[in-house]
Amino acid sequence: MLRGAELRVTRPRVAVLAAVHDRPHADTDSIIGAVREDLGEVSHQAVYDVLRALTAASLVRRIQPTGSVARYESRVGDNHHHVVCRSCGAIADVDCAHGSAPCLTASDDHGFAIDEAEVVYWGRCPDCSTASSS
């Protein structure tokens, strides 16, 4: 994947990419912890730099739901959305409701050439819903 994106293959890049693939919607601290388990000592800045390079190369996607730190996922190249639990912060992927990407058809595009829509659904996950009704 790294070579295909014309990036040098380095141990930190491989470790960060693996961490993002293994931990969908992980925050930077979680990724740093996973990379350190794999490589030993690695600086925060090195992980931030790798995440920036991987995001720029479209190998990972950065999301940041309101009130949350940045999170990273390996699901790229489609226009999926997310559902976020208001209680615990759990995040899950949600495919577009119908067709390939109906959300890209805005009621008024104001002349913009729209190529992506960011939709976030908010609610309570099953665990939090069950806990709050008990």
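Bear in mind that the values in this text are calculations on the coordinates, not laboratory data. Note that the structure is predicted; figures quoted are calculated from it, not measured. All Cβ positions, glycine included, derive from the backbone under ideal geometry; neighbour counts span all protein chains shown.
Couple of notes before you dig in:
- GNM result for the chain, Cα springs below 10 Å: residue of L51, L39, L59 fluctuating most strongly: L39
- Placing unit charges on the Cβ atoms of the charged side chains and taking the dipole of the chain about its Cα centre, the candidate lying farthest along the positive direction among T55, N79, A19 is A19.
- A quarter of the convex hull surface defined by the alpha-carbon atoms of the chain gives 10.8 nm² as the mean projection.
- A simple count of charges around A106, restricted to other residues whose Cβ falls under 12 Å of its Cβ and scoring Lys, Arg +1 and Asp, Glu -1, yields -4.
- Cα centre as origin, Lys/Arg/Asp/Glu Cβ charges: the chain dipole, Debye: 360
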